[in-house]
Amino acid sequence: MKLTILGGGGFRVPLVYGALLGDHAEGRVTHVVLHDLDAGRLSAVTRVLAEQAAGVPDAPEVSATTDLDEALTGADFVFSAIRVGGLEGRANDEKVALDQGVLGQETVGAGGIAYGLRTVPVAEDIARRVARVAPDAWVINFTNPAGLVTEAMSRHLGDRVIGICDSPVGLGRRIARVLGANPGEAWIDYVGLNHLGWVRGLRINGRDELPRLLADPDLLGSFEEGKLFGTDWLQSLGAIPNEYLHYYYFNREAVRAYSEAEKTRGAFLRDQQAGFYEEMKRPDAAALTAWDRTRAEREATYMAEARETAGAGERDADDLSGGYEKVALALMRAIARDERTTLILNVRNRGTLSVLDAEAVIEVPCLVDANGAHPVAVDPLPDHASGLVCSVKAVEREVLAAAGSGSRATAVKAFALHPLVDSVNVARRLVDGYTAVHPGLAYLK
Ligand code: G6P
Ligand code: MN
């Protein structure tokens, strides 16, 4: 079984490889091909993987290349985890937005639109190449903004591209834990778009235990989302939102915290990772130790501004290992070995949410088997949530249209229609600002 990782020089690749190392069953991945545009990053990550593999007799073989067709040929699975414009691009997404007083987070608001506008054309190119060179491969998309990018790729690959994110699993795990249940045995009633979903129920042995949580302020205030959103607001909503909804429900505070931060998240990670890749140039560097130290620091500071705004304190130790590699591995096993399971994934809506068309990619529990990921039937969202989902999907559609046509006016429309951008004039200035700093947006005319 061959797995190709696009963005193979990326910082989180060792997480995926670590998960593969724990899989000894028949049908496991035996060959990993790393593809990246940057040979230096590839060799840094290859060194970390070699140290991880030491002493594991059946460790998957690793090779690296900067040639996309070579990487894709013969792939059974393709993971796409690229970052168009790098972390410098992410930092600029934040800065341009903050200069206009709006949020520049990499997946939410103006920052997510800018990141989407430069990522969609690249993702579509990759999808076309996969369709030509590896038509039977399954593509697992990690590339953010994951819902939008998955939808862009699905226009070429249909249901053979599946988007993943670890935040719904993390949320379900936290809720199950505070309820004293085994997360593996809980049915999580979650739906929405990527980074824009709500847990409306959590069934253990068939019984919905979420009302018990919502009725108990102590329990509700004891975990990440309770601290972020506050117990009163969760009780008003009657649901537990994905942590990224903090940027909507507490937008003013989030923008202020981002503006006052010494460094934005993107700028922090840009500098932190530059240090890591620089260190990897030293032949005597302990690659795995350096990587692990950098990873731990990254995880500990995740969403730090949001937590500070809410007075949520430090992250729980149990929340530190995200688990996105576990979702990826479970998905591959389910498809490759027909190990049937349920995972929350980004797939085409079909008829799941009646307020969206069949092609819209949504985030929803799916039954996964050798035939792919099939969304389950879910209850409709309440109007306030449907409204947000429809607005944001409309914005995503404008991003896809702008990427397809190269129309600057359509890009302005995408920004202007976003619920977190408060004026058409702001949208115009955002497009001016973003096109000035991002070479990847030169196609907008
Ligand atoms: C969560 C999100 C991902 C995001 C990751 C890292 O897991 O679901 O989409 O890539 O956090 O965030 P960071 O700010 O550390 O890059
Ligand atoms: Mn995510």
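Does segment 73-91 contain any residue that is part of a loop (DSSP other than H, G, I, E, B), away from ligand 2 (no atom under 16 Å from the Cβ) and among the hydroxyl-bearing types (Ser, Thr, Tyr)?
Yes; the residues of segment 73-91 include at least one that is part of a loop (DSSP other than H, G, I, E, B), away from ligand 2 (no atom under 16 Å from the Cβ) and among the hydroxyl-bearing types (Ser, Thr, Tyr).
Which numbered condition in (1) assigned to a loop (DSSP other than H, G, I, E, B); (2) modelled with pLDDT of 90 or more; (3) open to solvent by 50 Å² or more (accessible area, probe 1.4 Å); (4) more than 16 Å from ligand 2 (Cβ to nearest atom) is the only one that residue 314 fails?
(2)
Does residue 379 count as within 30 Å of residue 332 (Cβ to Cβ) and loosely packed, with under 15 Cβ neighbours inside 10 Å?
So residue 379 fits the description; yes.
All but one of (1) over 24 Å from residue 338 (Cα atoms); (2) open to solvent by 30 Å² or more (accessible area, probe 1.4 Å); (3) in a helix (DSSP H, G or I) hold for residue 117, so report the exception by its number.
In the conditions (1) over 24 Å from residue 338 (Cα atoms); (2) open to solvent by 30 Å² or more (accessible area, probe 1.4 Å); (3) in a helix (DSSP H, G or I), residue 117 misses (2) alone.
Of the residues that sit in segment 238-250 and are without any contact (Cβ under 8 Å) to a residue 60 or more places away in the chain and either in a helix (DSSP H, G or I) or not assigned by TED's automatic domain parsing to the domain that holds residue 221 (or both), which one is least open to solvent (accessible area, probe 1.4 Å)?
245
Among the residues of segment 138-151, is there at least one that is surrounded by fewer than 24 Cβ atoms within 10 Å (Cβ to Cβ) and more than 17 Å from the chain's Cα centre (by Cα)?
Yes - at least one qualifying residue is present in segment 138-151.
Is it fair to say residue 209 is open to solvent by less than 30 Å² (accessible area, probe 1.4 Å), among the charged types (D, E, K, R), more than 23 Å from the chain's Cα centre (by Cα) and at pLDDT 95 or above?
Yes.
Name the residue, out of 159, 166, that is open to solvent by 30 Å² or more (accessible area, probe 1.4 Å), in contact (Cβ under 8 Å) with a residue 60 or more places away in the chain and either away from ligand 1 (no atom under 16 Å from the Cβ) or touching a strand residue (DSSP E or B) at 6+ places or on another chain (Cβ under 7 Å) (or both).
The unique qualifying residue is 159.
Could you name every one of the helices (runs of 4 or more DSSP H) located completely within segment 361-445 that has at least 2 residues being hydroxyl-bearing (Ser, Thr, Tyr), in contact (Cβ under 8 Å) with a residue 60 or more places away in the chain and closer than 20 Å to residue 107 by Cα?
Correct list: empty, since no element meets the threshold.
Exactly one condition in (1) open to solvent by 50 Å² or more (accessible area, probe 1.4 Å); (2) over 16 Å from residue 290 (Cβ atoms); (3) not in a loop (DSSP other than H, G, I, E, B) is not met by residue 32; state its number.
It fails just one condition, (1).
The values are calculated or read from the model by the stated rules, or taken from the named source; none is laboratory data. This one's a predicted model, so the numbers in the text were calculated from it and none came from an experiment. Neighbour counts are summed over all protein chains in view; Cβ atoms, including those assigned to glycine, are modelled from backbone coordinates with ideal geometry. Calculation scope for accessible area: heavy atoms of the full protein, side chains included, ligands and nucleic acids excluded. Shrake-Rupley method; radii C 1.70, N 1.55, O 1.52, S 1.80 Å.
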